[in-house]
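Structure, as C-alpha cells:
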Amino acid sequence: MRRPLQALACLGSLAALSFPVPATADTAVSSGAAGAAGASGSAACRVVAAKPLLDAKGMIRGTATRSGCGDRTRLRVRITKVTPGLDRVVKSGSRVLANGTITAGLRCVRTPARYYVLAVEESGRTSRSRTVGLSCARVTPPTTGGASTVEDAVVALTNKARAGNGCRPLTHDPKLHLAAERHSAAMVAQGFFDHTAPDGTDPGDRIRAAGFTPIRTWGENIAMGQRTAAQVVQGWLDSPGHRANIMNCSFTHIGVGHAAKGPYWTQDFAAH
C-alpha cells in the first residue's frame, strides 16, 4: 500500500516567490512538489506586504519587501488593526533602501483581533496583505526537548543520500525542528494533510515564526503513514519532487518533525 507524501520546494529569494505544482495533484498518493523560484532576468520593481503572523515569542510581525528596483527610497511597513470605523496603525517602521525587507513587531494580546500589513514607499508603490485573525492565545509554546531518535534518524538518512550527490550534510537546526514539529502536530490535531494550514500559514510563515531568519531559501517535504525513518526517507527519494529537495545543495539546515499518530512527517529545509 502506497502512503501519501507531499513536497514543497522553495528556491530563490523571499522577494520573488512562486509555487509551481507538479503535473499530478499535489495531494496525490504518489508525491507532489511545489516551489518558490527566484525570478529570472531583470524583475520589475515591486513592493509586497506579507500577511502578519505570530512568532514563537508571541510577537505579531509584519513584513514589507521591495525587490527588482534600481533606485533608493524610503519603504514603510505598517501593521494595521481592523477596528470599527477607521482601521488603526498599531506598529510601523521604515528604512531607506533599494531592495530588501523590513519588519515591524508588537506584543500580541489575548483578545483576538484582525490585522493586515501595509507596505508603502515614498515613490508611490503600495501593497496590502491579506487580513488575518491573531491572538497570543494561539501561540504554541516551544518544545522543551530536542529532536527524537527517529527524527535524528531521518536527518542521518537524508545526509547519507545527499553525500552521494556531493552535497554537504545538513545541520539539524532547533528552530527548523520546531517549525516541522509544530506542522506535524497541527496536521494530527486539525485533521488535514497539506503544506498550507487551515489558518493560511505556509512553510515560509512557519519557519519565520519559529525564529529562523533571515531566510534565503526554504523547502518542505511531508508524508503520512510511513512507520519508520527508513521508509519515509526512501519514499521521498523515490519521488522526483521530494528527492529534489533532499538533493538541493543550496540548503544548509533541516528540521524534522514526527507525530506518532498517523504517523505524520515533516521535513523543513532552509538556508540563511
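Laid out as a table, the results:
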quantity: Total charge dipole magnitude, region 201-272, about the Cα centre, Cβ charges on Lys, Arg, Asp, Glu only, Debye to nearest 20; calculated: 120
quantity: Residue 247 accessible area, 1.4 Å probe, all protein chains in place, Å² to nearest 10; calculated: 30
quantity: At most 12 other Cβ within 10 Å, DSSP loop - trypsin sites (Lys or Arg not before Pro), region 185-243; calculated: 227
quantity: ³J(HN,Hα) computed for each position of region 92-109 - Karplus, 6.51 cos²θ - 1.76 cosθ + 1.60, integer Hz, glycine/proline x; calculated: 8, x, 8, 7, 7, 7, 9, 9, x, 10, 10, 10, 10, x, 9, 5, 6, 10
quantity: Rounded if a/c under 1.5, otherwise prolate or oblate - region 94-211, Cα gyration tensor axes; calculated: oblate
quantity: Relative packing of 107-113, 266-272, which averages over residues the other C-beta atoms within 10 Å, highest first; calculated: 266-272, 107-113
quantity: Pairwise label distance in nanometres, residue 73 with residue 189, each label 7 Å out on the Cα-Cβ vector; calculated: 4.2
quantity: Accessible area in square angstrom per residue, region 45-85, 1.4 angstrom probe; calculated: 42
quantity: For region 79-87, Karplus couplings with θ = phi - 60° (6.51, -1.76, 1.60), whole Hz, Gly/Pro x; calculated: 8, 10, 9, 6, 9, x, x, 7, 5
quantity: Approximate spin-label separation residue 199-residue 110, in nm, with each point projected 7 Å along Cα-to-Cβ; calculated: 1.7
quantity: Three-way shape call for region 164-272 based on the alpha-carbon gyration tensor, with the a/c threshold at 1.5; calculated: oblate
quantity: Residue (of 129, 94, 108) at the positive-pole extreme of region 71-139, dipole from beta-carbon charges; calculated: 108
quantity: Solvent-accessible area of residue 123 with every protein chain in place, 1.4 Å probe, in Å² to the nearest 10; calculated: 70
quantity: Phi-based couplings in Hz for region 224-231 (Karplus 6.51, -1.76, 1.60; Gly and Pro marked x); calculated: 9, x, 6, 8, 10, 4, 5, 5
quantity: For region 131-246, size of Cβ-based charge dipole, Lys and Arg +1, Asp and Glu -1, in debye; calculated: 280
quantity: Largest to smallest accessible area among 251, 192 [probe 1.4 Å]; calculated: 192, 251
quantity: With DNA, RNA and ligands ignored, accessible area of residue 264 (1.4 Å probe; Å², nearest 10); calculated: 30
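The values are calculated or read from the model by the stated rules, or taken from the named source; none is laboratory data. The structure displayed is predicted, hence computed values, not measured ones. Because the Cβ atoms are built from the backbone with ideal geometry, glycine has one as well, and the counts that use them run over all protein chains shown. For accessibility, only protein heavy atoms count, side chains too; no ligands or nucleic acids. Shrake-Rupley method; radii C 1.70, N 1.55, O 1.52, S 1.80 Å.
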